[in-house]
Amino acid sequence: MCGAFSILHPFKEVGRRFNAGYNLELNQSQPRYNVRPSQPIPVVFNTNPEEISLAFWGVHPAYDKTKKLFFINARNDSLNKNTWHKMFLEQRCLIPADGFYEWEKGEGKTKIPYRFELKDQGVFAFAGLWQEETGLKGDTAPHAVIITTTPNSLVAEVHDRMPAILKMEEESTWLNPDTNPEELENLLKPISSNSMKKFQVSTLVNSASNDTKEIINEA
């Protein structure tokens, strides 16, 4: 599972990284140290790869008319299920990030947070899926989920799943409407642990209401 991530780099850098434009609304929300479900997140849609847009993190499956079911992740081994299959075939996206968090169980109810990022601290892309959703009040907006995969050896020290991080050269293949499903599935392997680093961070990240620089200080 991936339930929190960060996007600290200025959107001028993020735009260059993805060769995409962005609007001022995105700039005004920077930096984000503790991005959480239901919040707006930056997304590059396969239908508009030249622009970084906003989507809400989390989807309501089409079959649940009550809007009570809410998923923030899609497992890479469940993409053929009805919940995800159409999105997997037709509605893929990139979700820019520069770090994510997982929690290790401590004594009692204690949860110890760890941050995972690339060794060069650069921006990367989660593989994602998206759909347009109409809310109970009739408003329409895009929503997205992060695909998770088996962990590499570094993440496995803390959790049994990790977000699927695409290599830069794989991102266009993921967005390409002509990529076949087998090739898409092969992109969803865990990124090498040799390219990543992990460190314990402040328990401030445990609360979704905290979104400050102190979160990423090494504990």
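Values in this text are rule-based calculations from the coordinates and carry no lab data. Only a predicted model underlies this, so the values are computations on that prediction, with no experimental measurement involved. Cβ coordinates were reconstructed from backbone atoms using ideal geometry, including for glycine residues, and neighbour counts include every protein chain displayed.
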Determine the sum of side-chain charges near PRO61: Lys and Arg each +1, Asp and Glu each -1, restricted to other residues whose C-beta is under 12 angstrom from that of PRO61. +3
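Of the peptides 208-217, 166-175, how do they stack up when ordered by the mean number of other Cβ atoms within 10 Å, highest first?
Final packing ranking: 166-175, 208-217.
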When ranked by the protection proxy of mean other Cβ atoms within 10 Å per residue, highest first, what sequence do the peptides 40-50, 143-153, 73-83 form? 143-153, 40-50, 73-83
Identify, among LEU204, TYR114, MET162, the residue whose Cα sits farthest towards the positive end of the charge dipole of the chain, taking +1 on the Cβ of Lys and Arg and -1 on the Cβ of Asp and Glu, with the dipole about the Cα centre. LEU204
Pairs LYS111/LYS198; LYS81/LYS167; LYS81/LYS198; LYS119/LYS198; LYS67/LYS189; LYS167/LYS189: which are spaced more than 21 Å apart, C-alpha to C-alpha? LYS81/LYS167; LYS81/LYS198; LYS67/LYS189
Once phi for every residue in the range 143-158 is put through the Karplus expression 6.51 cos²θ - 1.76 cosθ + 1.60 (θ = phi - 60°), the whole-Hz ³J(HN,Hα) values, with Gly and Pro written as x, are 10, 9, 10, 9, 7, 10, 9, 5, x, 6, 5, 6, 5, 4, 5, 10
Loop-resident sites, the range 105-154, for trypsin sites (Lys or Arg not before Pro), counting at most 13 other Cβ within 10 Å (DSSP): LYS109, LYS119, LYS137
Under the 7 Å Cα-to-Cβ spin-label approximation, SER192 and ALA219 lie apart by a distance in nanometres of 3.0
Cut-off 13 Å between beta-carbons: net charge of the residues surrounding TRP130, Lys and Arg +1, Asp and Glu -1: -1
Under 19 Å from a point 7 Å along the Cα-to-Cβ line of ASN19: which residues of the range 38-55 have their amide N that close? 43-53
With 10 angstrom as the radius, rank VAL158, VAL35 by how many other C-beta atoms surround their C-beta, starting from the fewest. VAL158, VAL35
